[in-house]
1. Looking only at the stretch 1-35, count how many residues are modelled with pLDDT under 50, among the hydroxyl-bearing types (Ser, Thr, Tyr) and in a strand (DSSP E or B).
2. For the stretch 102-150, how many residues are within 16 Å of SER168 (Cα to Cα), surrounded by 17 or more Cβ atoms within 10 Å (Cβ to Cβ) and among the hydroxyl-bearing types (Ser, Thr, Tyr)?
3. Can you list the helices (runs of 4 or more DSSP H) lying wholly within the stretch 62-171 that have 3 or more residues being in contact with a helix residue (DSSP H, G or I) (Cβ under 6 Å, 6 or more places away or on another chain)?
4. Give me the residue from the stretch 174-210 that is within 18 Å of the chain's Cα centre (by Cα) and over 17 Å from PHE159 (Cα atoms) and, out of that set, modelled with the lowest pLDDT.
5. Is there any pair with a first residue in the stretch 70-95 that is over 16 Å from TRP123 (Cβ atoms) and a second that is of a type in the set (S, T, N, Q) and part of a helix (DSSP H, G or I) whose Cβ atoms are under 7 Å apart and which are 6 or more apart or on different chains, and what are they?
6. Consider GLN176 against the criteria (1) part of a strand (DSSP E or B); (2) out of contact with any Gly (no Cβ under 9 Å at 6 or more places or on another chain): it satisfies all of them except one. Which criterion is unmet?
7. I'm trying to understand the selection: among the residues of the stretch 12-69, which are free of Cβ contacts under 8 Å to residues at least 40 places away in the same chain and touching a Lys or Arg at 6+ places or on another chain (Cβ under 8 Å)?
8. Can you give me the number of residues within the stretch 36-55 that are surrounded by 14 or more Cβ atoms within 10 Å (Cβ to Cβ), out of contact with any Ser or Thr (no Cβ under 8 Å at 6 or more places or on another chain) and not in a loop (DSSP other than H, G, I, E, B)?
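The values are calculated or read from the model by the stated rules, or taken from the named source; none is laboratory data. Because the structure is predicted, anything quoted here is derived from the model rather than measured. Neighbour counts are summed over all protein chains in view; Cβ atoms, including those assigned to glycine, are modelled from backbone coordinates with ideal geometry.
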Amino acid sequence: MDQYNNFVETPLQRASLPVMEAFYTLQGEGFHSGKAAYFIRLGGCDVGCVWCDVKDSWDAEVHPKLSVDTIVQDALQYPARMAVITGGEPLMYPLDELTEALKVAGFQVNIETSGAHPMSGKWDWVCFSPKKFKAPHESVYAQAHELKVIVYNKSDFEFAEKHAALVSDDCILLLQPEWSRVQEMTPLIVEYVKQHPQWRISLQTHKYMDIP
């Protein structure tokens, strides 16, 4: 899939993006866990994680394309002013216009990305979660505020260290058990963090607490 082939300009030069879903909830994982946030899940992904829990997001063509103005107005219906752009893989699209509009509307703007495409947009927080299925673009490393590595098997610790060596010194390092393997991997992560205290544990608290 071409990186920007689902990015559409209207006659007024306002972008439209495929939105699988948008919803108001609590951030369930990572550094901002527990905070109220408006999630904007863009459709389209060419990474293809075998354990992905939102595979319905992969095909951008089946999701409606919404204008940036509509996306922002929908977000403004809720009291929190933290917007999280996720996917799918949101960096498949140029995101400068969306992030600018959200910032003008008063939002802190965060992204959750595998980093598989060049960085675009102006972000207050970048959650970089690289995947083995498609290598990250080099432009993402320097901008990452947190590196969140999903641990599915033991080899993922080596994978995590490989990417930790490439982010900035002040990037927060997080290891998160993949949900279907949480019983097997959590004890290993606990021991790894005890031996490598530069890392922290991230848990999918929304799944433990059954928060949509």
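1. Counting residues in the stretch 1-35 that are modelled with pLDDT under 50, among the hydroxyl-bearing types (Ser, Thr, Tyr) and in a strand (DSSP E or B) gives 0.
2. 2
3. Values: elements: 68-75, 96-104, 155-164.
Answer list for the stretch 62-171: 96-104.
4. By that ranking, first place goes to LYS207.
5. The qualifying pairs are GLY88/SER57.
6. Every listed condition holds for GLN176 apart from (2).
7. Within the stretch 12-69, the subset free of Cβ contacts under 8 Å to residues at least 40 places away in the same chain is 12-13, 21, 52, 54-59, 62.
The answer is GLU21, VAL54, SER57.
8. The total comes to 1.
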